[in-house]
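Following: one structure in structure tokens, then a few remarks.
Read-outs: derived from the displayed coordinates by stated rules, not from any lab. The structure displayed is predicted, hence computed values, not measured ones. Neighbour counts are summed over all protein chains in view; Cβ atoms, including those assigned to glycine, are modelled from backbone coordinates with ideal geometry.
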Amino acid sequence: MSTVRGDTAIDHAPHNRHPNTLTRRQKEILCMLAGGKRIGEIQTDLGISYPAIARHMLLILDRLEARTYIAAVAKALIIGQLTSNDICFMERNLD
């Protein structure tokens with residue numbers, strides 16, 4: 001994607017990025033989702049808005065060509081974008 005200002009085009013797309021590569025923030029969010037965190041918890045932990053998280057989540061699905069977050073986690077593990085050590089597992093009291 002590029003923006004034209006005056007007669008100069010500014011390219012906002014990261015260079016040399018494989019289409020399945022996740023950003024640091026996308027990896028953080030995917031790890032938290034995989035570990036069982038809810039959107040509100042992610043919002044609090046990262047200090048970002050719900051719309052920002054929702055946008056990251058859509059980009060994660062798109063980048064990994066996945067329909068669900070379970071599929072996105074699986075694909076990220078398979079292609080080496082995440083390791084099992086990256087996932088932040090949470091303990092929940094289910095009472």
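Average the reciprocal distances over every distinct pair of alpha-carbons in region 18-86, invert the result, and give the Kirkwood radius in Å. All intermediate terms of the calculation are to be shown ahead of the outcome.
Values: mean 1/r = 0.0842 Å⁻¹.
Kirkwood hydrodynamic radius for region 18-86: 11.9 Å.
Taking the mean number of other Cβ atoms within 10 Å as a proxy for protection, how do you rank 49-58, 26-35, 68-77 from highest to lowest?
On the way: 49-58: 13.4, 26-35: 19.9, 68-77: 16.7.
Final packing ranking: 26-35, 68-77, 49-58.
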